[in-house]
Amino acid sequence: DQQVKQNSPSLSVQEGRISILNCDYTNSMFDYFLWYKKYPAEGPTFLISISSIKDKNEDGRFTVFLNKSAKHLSLHIVPSQPGDSAVYFCAASEVGGSNYKLTFGKGTLLTVNP
Amino acid sequence: KAGVTQTPRYLIKTRGQQVTLSCSPISGHRSVSWYQQTPGQGLQFLFEYFSETQRNKGNFPGRFSGRQFSNSRSEMNVSTLELGDSALYLCASSLDRGLEQYFGPGTRLTVT
């Protein structure tokens, strides 16, 4: 049973435009969410996170939105740059639980075209 | 501060053999987690260690095991390798509770 889902395996956008990556989760116990970026032959790099007490968190060009009622989060990248081309993973965790782990989606390959 | 390091980076083994992978966390991080990444499957959680104790384990067979040393360095072992164990094995460290984990470059294991 996949508790974190990224339904779009790939996304292609033009440089300078907005990239929107989506993620859905089913476990209502999740209360902390993260986005990671991964280049080939490298480990995932932490990008941005959000706690369930917030509905938005910004860091430079990256903004994560959380809709708890819909169990949905999204990552917005504005403006998109060719260097943003990578696989993006959504992950979730329970802050107060005893499961000391992140549950990941399968990733979305973002391609930013010059 | 140095990042998470993993050794070796690449490994080729044959079916039935065993393998040990090593991970050194970021200095000061006491939590170490291991993940398996295979094509199309995302990152699958293997186990997490904190202060030499395994706190959580994923749904992997008993052939997959790990340990953590007093200096927080961790090793994972896979015995009786199968072709399906070919994957990228990632180690991640964090201060505690597994949040905001920082990943190493991974060990690419190929089983032939």
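The values are calculated or read from the model by the stated rules, or taken from the named source; none is laboratory data. Note that the coordinates shown come from a computational prediction; the quantities given were computed from them, not determined experimentally. Cβ sites come from the backbone with ideal geometry, for glycine too, and all protein chains shown count toward neighbours.
A few points about this structure:
- Test: A:LYS56 is more than 25 Å from B:GLY104 (Cα to Cα), charged (D, E, K, R) and free of Cβ contacts under 8 Å to residues at least 12 places away in the same chain: yes
- For the range B:84-96, the set of residues classified as crowded, with 20+ Cβ neighbours inside 10 Å and within 16 Å of A:PHE46 (Cα to Cα) consists of B:LEU90, B:CYS91, B:ALA92, B:SER93, B:SER94, listed by residue number.
- All of A:ASP84, A:ASP55, A:ASP31 fail the test of being acidic (Asp, Glu) and either loosely packed, with under 14 Cβ neighbours inside 10 Å or in contact with a helix residue (DSSP H, G or I) (Cβ under 6 Å, 6 or more places away or on another chain) (or both), apart from A:ASP55.
- A residue that is at pLDDT below 95, in a loop (DSSP other than H, G, I, E, B), of a type in the set (S, T, N, Q) and over 14 Å from the mean Cα position of the chain (by Cα) occurs nowhere in the range A:4-13.
- All strands (runs of 3 or more DSSP E) inside the range A:23-114 with 3 or more residues being within 13 Å of another protein chain (Cβ to nearest Cβ) and in contact with a Phe, Trp or Tyr (Cβ under 7 Å, 6 or more places away or on another chain): A:32-38, A:45-51, A:86-93
- Filter pass, B:LEU81 being touching a residue at least 60 places away in the same chain (Cβ under 8 Å), surrounded by fewer than 22 Cβ atoms within 10 Å (Cβ to Cβ) and either farther than 21 Å from A:SER49 by Cβ or within 15 Å of the chain's Cα centre (by Cα) (or both): yes
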